[in-house]
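*Asks:* This structure is in structure tokens; I'll ask about it shortly.
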Amino acid sequence: MPEFTSILRLKEFLMADELLLNGGSSQANIDEFQRSNGVRIPKDLESYFVELNGTNGIYVIGIIRFWGIEEIQRLSKVIPRASLSDDAIIQSAYSEPIENSNDYFLFADSQYEAQVYAIKLTEAEGLNDVIILTGEKPRILAKSFSEFVELYLNLPERIGVDLN
């Protein structure tokens, strides 16, 4: 698997704060996710699952929680459902379905699910836009998972987090 500098930088950044990470997912889990959802995971996101696979349910610097592959959910299954958890508030903000929500998968949240992040995954290779949902119209933050990670590490305010 090719190395993705942004994923390795994310791992180093989180480990510098002495966080206990999940330790990575198996290729079998990744293949099963792709098969059962009828999607192709891009190589940068696959590298993330192999290297980190989430932040072990912990909100890290910037009050963001990266999810493991076993937590990833199709956006169309979550919104406009009541909530992901008892504390979630974002889902109740969407009374109407979100366009193309079947193509997006939630992979992280910030501020205890006050905002969530989703990536576009389909059967075809192509753009894997990352969107943010804050209760307003979803907007594109990045064109790939790697680009999203770079924003988190270098320009966190663009994704709605504060690393200070």
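The values are calculated or read from the model by the stated rules, or taken from the named source; none is laboratory data. Small disclaimer: the values here were computed from a predicted structure and weren't measured. Positions of Cβ are backbone-derived with ideal geometry, glycine not excepted, and every protein chain shown enters the neighbour counts.
*Asks:* Assuming Ser146 fulfils every condition listed in (1) more than 16 Å from Leu10 (Cα to Cα); (2) out of contact with any strand residue (DSSP E or B) (no Cβ under 9 Å at 6 or more places or on another chain); (3) at pLDDT 95 or above apart from one, which condition is it?
*Replies:* Of the numbered conditions (1) more than 16 Å from Leu10 (Cα to Cα); (2) out of contact with any strand residue (DSSP E or B) (no Cβ under 9 Å at 6 or more places or on another chain); (3) at pLDDT 95 or above, the odd one out for Ser146 is (1).
*Asks:* Sort through Ser47, Ser83, Ser76, Ser92 and tell me the only one that's at pLDDT below 90, in contact with a helix residue (DSSP H, G or I) (Cβ under 9 Å, 6 or more places away or on another chain), not in a loop (DSSP other than H, G, I, E, B) and not aromatic (Phe, Trp, Tyr).
*Replies:* Residue meeting the stated conditions: Ser76.
For every residue, the table says whether it meets (1) more than 21 Å from Lys143 (Cβ to Cβ); (2) touching a Pro at 6+ places or on another chain (Cβ under 8 Å); (3) of a type in the set (Gly, Ala, Ser).
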position	(1), (2), (3)
Leu10	no, no, no
Ala16	yes, no, yes
Gly24	yes, no, yes
Ile30	yes, no, no
Gln34	no, no, no
Lys43	no, yes, no
Phe49	no, no, no
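Residue-by-condition table, conditions (1) buried (at least 16 other Cβ atoms within 10 Å of the Cβ); (2) hydroxyl-bearing (Ser, Thr, Tyr); (3) at pLDDT below 90; (4) out of contact with any strand residue (DSSP E or B) (no Cβ under 6 Å at 6 or more places or on another chain):
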site: Gly62; (1), (2), (3), (4): yes, no, yes, yes
site: Arg65; (1), (2), (3), (4): yes, no, no, no
site: Ile98; (1), (2), (3), (4): yes, no, yes, yes
site: Ser101; (1), (2), (3), (4): yes, yes, yes, yes
site: Leu106; (1), (2), (3), (4): yes, no, no, no
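*Asks:* Can you find a residue in segment 116-139 that is closer than 15 Å to Arg65 by Cβ, outside any strand (DSSP E or B) and modelled with pLDDT under 95?
*Replies:* no
*Asks:* Turning to a different aspect of this structure: Could you check how many residues of segment 117-140 are free of Cβ contacts under 8 Å to residues at least 40 places away in the same chain and within 23 Å of Val50 (Cβ to Cβ)?
*Replies:* 5
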